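Here, each number is a calculation from the coordinates, and none is a lab measurement. What you see is a predicted model, and the numbers here were worked out from it, not measured in a lab. Counting neighbours? That spans all protein chains shown, and the Cβs are built from the backbone with ideal geometry, glycine included.
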Amino acid sequence: MKRVITLTVNGLSCEVAVEPRRTLAELLRYDLGLTGTKIGCSIGDCGACTVLIDGVPSLSCLVLAMEVEGRDILTIEGLADGLKLHPLQEAFVEVGAIQCGFCTPGMVLTALALLEDNPEPTEAEIRRALSGNLCRCTGYQKIVEAVKEGSRKIQLEKKS
Amino acid sequence: MILPRFDYYAPTGLDEALSWLAEHHGSGVKILGGGTDLLVDVRGKIIPDQHRPRCQEHRDGPWLARYAPTESIEILLALSRITELRGIAVEVNCVRIGAMTTITDLERSPVVRTRLAGLWDGARQLGSPLVRNRGTYGGNLCNARPAADTAIPTLALGGRLVLASIRGERTVDHSDFVTGPGETILEPDEILKEVVFDLANDPAMGSAYLKLSNRKALEIAVVSAAAMVTFNSPPAEQGGIKGGVTKSARIALGAVAPTPLLVPEAGEALVGKELDSQSISEAARIAAGVARPITDHRGGDEYRRMMVEVLVRRVLMSCWERALAGTVEEAA
Ligand SMILES: Cc1cc2nc3c(=O)[nH]c(=O)nc-3n(C[C@H](O)[C@H](O)[C@H](O)COP(=O)(O)OP(=O)(O)OC[C@H]3O[C@@H](n4cnc5c(N)ncnc54)[C@H](O)[C@@H]3O)c2cc1C
Ligand code: FES
Ligand code: FES
C-alpha cells in the first residue's frame, strides 16, 4: 500500500505517495522525473545513483524512499544556478572529464561532498573518495583533474 | 527491476522496536539496518554466461541464468530512526559502539583509530565510501559473512555483543555469535544493540587488520587477518623488530572457514615471549595450519593458506609498530 512521505529535493519540499519497496533512485526518476540520477546496477557496485542525503553521498538504489522521510536530498539537477553551471560542473566540462556521461552525476555529487569536507584534497584523497563511483569511459585521470580544477574554481569564487 | 512487495515499519525507540518484534517476529519479518546487504539480497540475480565458467556452482544451467532472491520479506523493521542505536561512547573502562553506527562513523572516530586500530583498518577497507556511508557496524556483524571486514578485527579485539529483546539483554563474545555463513545465535525477537570493547590499562598494546584483495575498493577479501597484542612493558626498537614481551595476543582470520575464525593456539604461542621475527613466524605458521580455506573464484585453498601465513606475520608486525609508536598509520 502506498504511503505519503515528505522530503526536500533540491531545496523544494515535496510530498509523494510511494510503496515501501520504492527505492530513492526510483522515486527520483519515476515519481519526480529527475532522471539525472542514473541506475546502473541497483546493487551498490557502480555509484551512478549517488545523491546527497543531508550532504552525505549515498547510493540511492540501496535506500528505500521511506527512509528519507523528512530528509534533504540533493541531486545533480539541484547544482546549477539557472543556466549557470556549478563551478565543479564547469570544471568537468572544461577538463574533458565527461564522455558518455552516465557516471557524471554521481561523480560530481561525490566530489562535491569531498570538497565540502576537504576543500583542497590531494590526488590520493580524491581517488579514495571516488573509489565507489565507476567510470567505463574516461580512465579516471580527467575526472581527478576536474576535481582539482573544481577545487581551485570554488576557492576562487569564495575569494571574490 | 523493482523490488518485491513488502511492508515497512520504522519505530523511533528501541523499546518500541523490541515490543513490536516480540509480537510480530516470525517468517517474513526482517530487520533493516543500512540495507546494503539486505536490499541486495532481496533482488534476484541475473548471471550472464561470461561470468559462469569461473563460478563453480553456476557452471551448468541456461545461458542467462536467473536466480531467485536469497531473502524473502513481508515486513521490514527499520532501525534507522532509533537514534540511541547510533554512536560511539567512551567510558572509563570501555568503548560502546551502537549497532547503527555507520562504517564511516567508525572510520572517522578518533577513539576507534587510537584504541581499536584493527577495527579502524577494517572500516577503512570495507566496500567503497558510498557503501560505508550507509552500511552499519551492526549490519556487517549480523550478516555474518566469513570475510566481513569489521567482524575479523572485532573478534581479535575481544568485542562483546549486547543482544536486546523484550525479555532483557544478554552479552555474548563475538566468537560465540556467528554459527555459520549468514547464521548467528540471534533469536528471532532479538536485536543487536551495541558492541562493547574493554579498554585494558596495559603499558602498551597494538591491533591491526589486513585484507588481501584484488582491488583497493569494492572487493571481498581473498583472505584477511586481524590481531591484537598487549605487552608487559612498552616494546623498544632494538635493531629491527625486537623487544617487548607479549602479555596476550589474539589472532583472527577471515575467509578461511565458514565463520570468522579465532585462532587461540596462535595467540597463545606468543604469550611470555619476545615479539620478534622468530615468534611471529611461529604464530603465523600455526594460524596457517588451522585455517580451512576453500577454493572458489577468489582464490585457491592452497594459495589462501599461504597468504594467511603472510598476512598474520604482517599484522603482528603492525601491532608491534603501533604499540611502539603509540600512533596509528595505515597498516601495510
Ligand atoms: C557494493 C558493496 C560492497 C560491499 N563490500 C563489502 C566489503 O568489502 N566487506 C564487507 O565486509 N562487506 C561488504 N559489503 C556488505 C555490506 O555493505 C556490509 O556488510 C554492511 O556493513 C552491512 O550493514 P547494513 O547496515 O547495510 O546491513 P543490512 O543490509 O541492513 O543488514 C544485514 C543483515 O543484518 C541484519 N541486521 C542489521 N542490523 C541488525 C541489528 N542491529 N540487529 C539484528 N540484525 C540486524 C539484517 O536483518 C540483515 O540480515 C558490501 C556491500 C555492497 C553493496
Ligand atoms: S545503481 Fe546504485 S550503485 Fe549502481
Ligand atoms: S563517462 Fe562514461 S561512464 Fe564515465
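Quick one: Debye curve from the alpha-carbon atoms of chain B only, equal weights, vacuum; give me log10 I(q)/I(0) at q = 0.09, 0.10, 0.12 Å⁻¹ to two decimals. Log10 I(q)/I(0), no solvent term: -0.49, -0.60, -0.85.
Take every pair of alpha-carbon atoms less than 8 Å apart whose residues are at least six positions apart; their mean separation over the length of region B:84-198 yields a relative contact order of 28 percent.
Before anything else, pin down the relative contact order of chain B: Cα pairs under 8 Å, at least 6 apart, normalised by residue count, whole percent. The partial results should precede the final answer.
Working: 756 pairs, mean separation 50.8, N = 332.
That works out to 15 percent.
Neighbours of B:Leu85, meaning other residues whose beta-carbon lies under 14 angstrom from its beta-carbon, give a summed charge of -3 when Lys and Arg score +1 and Asp and Glu score -1.
Between A:Val95, A:Val51, A:Val108, the GNM of chain A built on Cα springs shorter than 10 angstrom shows A:Val95 fluctuating the most.
With a sphere of radius 14 Å drawn around the Cβ of B:Ala151, what net charge do the other residues whose Cβ falls strictly inside it have (Lys, Arg +1; Asp, Glu -1)? Could you put the intermediate results ahead of the total?
Numbers: positive: B:Arg145, B:Arg160, B:Lys211, B:Arg250; negative: B:Asp37, B:Asp121, B:Asp149, B:Asp173, B:Asp176, B:Glu183.
Around B:Ala151, the charge tally is -2.
Find the centroid of the Cα atoms in region B:178-208 and in region A:89-129, then give the distance between the two in whole Å. Result: 37 Å between the Cα centres.
If you count, for every residue in A:61-70, the Cβ atoms of partner chains within 10 Å of its Cβ, what is the mean? Write out the running numbers ahead of the final one.
Numbers: counts 3, 11, 6, 10, 1, 8, 10, 1, 3, 1.
Mean shielding count: 5.
Computed across region B:106-251, the Kirkwood radius stands at 16.3 Å (inverse of mean 1/r, all Cα pairs). Considering only the Cα atoms of chain A, their convex hull presents on average a projected area of 9.2 nm².
Here the 3J(HN,Hα) profile of region A:100-105, calculated from phi with Karplus coefficients 6.51, -1.76 and 1.60 at θ = phi - 60°, is 6, x, 5, 8, 4, x Hz, Gly and Pro shown as x. Relative protection proxy for A:10-16, B:223-229, B:195-201, from highest mean packing down: B:223-229, B:195-201, A:10-16 (other beta-carbon atoms within 10 angstrom). Residue-wise HN-Hα couplings along region B:212-219, as the Karplus relation 6.51 cos²θ - 1.76 cosθ + 1.60 with θ = phi - 60° gives them from phi, are 9, 8, 6, 10, 7, 9, 6, 9 Hz; Gly and Pro carry x. Given a cut-off of 23 Å, name the pairs among A:Lys84/A:Lys159; A:Lys2/B:Lys30; A:Lys38/B:Lys30; A:Lys38/A:Lys142; A:Lys84/A:Lys158 whose C-alpha atoms lie farther apart than that in the structure shown. Checking Cα-Cα distances, A:Lys38/B:Lys30 exceed 23 Å.
Determine the sum of side-chain charges near B:Thr12: Lys and Arg each +1, Asp and Glu each -1, restricted to other residues whose C-beta is under 14 angstrom from that of B:Thr12.
On the way: positive: B:Arg81, B:Arg86; negative: A:Glu67, A:Glu69, B:Asp15, B:Glu16, B:Glu84.
Spelling it out: positives minus negatives among the neighbours equals -3.
Under the criterion of Cα pairs below 8 Å and six or more residues apart, the relative contact order for region B:164-256 equals 21 percent. In this structure, the amide hydrogen of A:Arg21, modeled 1.01 Å from its nitrogen in the peptide plane, lies closer than 5 angstrom to those of B:Phe6, counting only residues at least 5 positions away or on a different chain.
Cross-link candidates for A:Lys148: which aspartates and glutamates have Cα within less than 17 Å, leaving aside residues fewer than 8 places away along the same chain? Excluding near neighbours in sequence, the set is A:Glu90, A:Glu94, A:Glu116, A:Asp117, A:Glu120, A:Glu123, A:Glu125, A:Glu157. Translational diffusion of region A:87-159 was estimated from the Stokes-Einstein equation, with Rh taken as the Kirkwood radius over Cα pairs; at 4 °C and 1.567 mPa s the coefficient is 109 µm²/s. Using the Karplus relation 6.51 cos²θ - 1.76 cosθ + 1.60 with θ = phi - 60°, the per-residue 3J(HN,Hα) values for region B:260-268 come to x, 10, 8, 10, x, 4, 5, x, 4 Hz, with x marking Gly and Pro.
Pick out which of A:Thr50, A:Thr23, A:Thr37 has the largest mean-square fluctuation in a Gaussian network model of chain A, springs linking Cα atoms closer than 10 Å. Greatest mean-square fluctuation among the candidates belongs to A:Thr23. For the peptide B:118-131, the mean number of other protein chain Cβ atoms found within 10 angstrom of a residue's Cβ is 4. Taking a quarter of the surface of the Cα convex hull of the protein assembly as shown gives a mean projected area of 25.0 nm².
GNM on chain A, alpha-carbon springs under 10 angstrom: the most fluctuating residue among A:Lys38, A:Lys84, A:Lys148 is A:Lys84.
Calculated mean residue ellipticity at 222 nm for chain B: -8500 deg cm²/dmol, from DSSP H runs with n ≥ 4 weighted as -39500 (n - 2.57), summed, divided by the residue count and rounded to 500.
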